[in-house]
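Input: a single structure, listed below in structure tokens.
The values are calculated or read from the model by the stated rules, or taken from the named source; none is laboratory data. Source: prediction; values computed, not measured. Please note: Cβ atoms are built from the backbone with ideal geometry, for glycine as well, and neighbour counts cover all protein chains shown. Each accessible area value is taken on the protein alone, full model and side chains, heavy atoms only, with ligands, DNA and RNA left out. Shrake-Rupley method; radii C 1.70, N 1.55, O 1.52, S 1.80 Å.
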Amino acid sequence: MTKAEVTRFAPSPTGWLHLGHAYAALFAHEQAAGGRFLIRLEDIDGTRARAEYEAAIFEDLAWLGLEWEQPVRKQSEHFEDYRVALTKLEGLGVLYPCFCTRREIQEEIARAGNAPQGPDGPLYPGTCRSRSAEERAQRMAAGEQYALRLDVAKAMGLVNEDLEWTDRGRGVFQAQPGVFGDVVLARKDTPASYHLAVVVDDALQGITLVTRGEDLLEATHLHRLLQALLGLPVPEWRHHGLIVDENGKRLAKRDDARSLRSLRAEGWTPEQVRNMIKIQIDHVKLP
Ligand code: GLU
């Protein structure tokens, strides 16, 4: 017997779900292929997550005809899990405190000129990477704000194996965890970044196939490194195409006209939503 697939749909309750989310949810459900389909609320950003959006997610997904397992994992209830992972990374010596403000980083990047670019913009120039243990301790003791960054080069040095990962639609990738540079993994007000929380959660939830939009494909390089460092099981991935609007721009949450609830209010049926997704997805590159 082959192992039952476990997939998940992981929305952030920071806005109404739109056609793009409907597609992602239906895709994850379909890929579970009779196995387990889970939902996870990515509500770590307490300043943007709202209870009414959370309730709407369940309402919209049920309206679409989806069923999922209970209980739903809410990231904001599991900060302890992320702290344990951070402590492990700290123990490996691959984290360092970064005291730079956004502005200082921008200035440093401008000064250096020609800064290497990552998927989210210019990479962090590494200003705080080589500060002495003494200086770090002193500044932390003085109450200076800091974020914890991953020293990617050092982390890669610790991982002996050749890191590979598989996208079921695209094949095997050689991991390039450096694409985001020394990413922030935690801040005072956000005890785990998306990257850290997602690998911890996928492991704890026993996800075997991570399905998500191709806009997150590059993040998988970094996630693969974090899994190796934390000794987590490695799932497979399938990155899907994105639904776009008339101008070819990917849908954003502020594009309220296309929210599932506004379509429903206009009298659309779940079948019409499914059909619309089929038509739209023909226009985007599917693996
Ligand atoms: N919460 C992410 C989003 O809304 C999904 C992350 C993931 O599936 O890994 O785009």
What translational diffusion coefficient, in µm²/s and rounded to a whole number, does the Stokes-Einstein relation yield for segment 116-175 at 37 °C and a viscosity of 0.692 mPa s, taking the hydrodynamic radius as the Kirkwood radius over Cα pairs?
-> 220
Isolated Cys in the chain, by beta carbon distance under 4.7 Å = CYS100
Which whole-number percent gives the relative contact order of the chain, counting Cα pairs below 8 Å spaced six or more residues apart?
-> 23
Among LYS88, LYS74, LYS249, whose mean-square fluctuation peaks in a Gaussian network model of the chain (Cα, cutoff 10 Å)?
-> LYS249
Segment 165-278: antiparallel DSSP beta bridges as a percent of all, rounded to 5 = 40
Consider just the alpha-carbon atoms of the chain and return their Rg together with their Dmax, both in angstrom.
-> 20.2, 64
Projected-area average for segment 1-70 over all orientations - Cα convex hull basis, square nanometres | 4.9
Considering only the chain, what is the antiparallel percent among its DSSP beta bridges, to the nearest 5?
-> 55
Treating the beta-carbon of each Lys and Arg as +1 and of each Asp and Glu as -1, no other charges, what is the dipole magnitude of the chain about its Cα centre, to the nearest 20 debye?
-> 240
Kirkwood Rh in Å, taken over all unlike Cα pairs in segment 1-133 | 18.3
Expressed as a whole percentage, what fraction of the accessible surface of the chain belongs to carbon and sulfur atoms when a 1.4 Å probe is rolled over the protein heavy atoms?
-> 50
Residue-normalised accessible area of the chain, given per residue in Å² at a 1.4 Å probe | 51
Do you know the Lys pair count in the chain for C-alpha distances under 19 Å, with sequence separation 8 or more or different chains?
-> 4
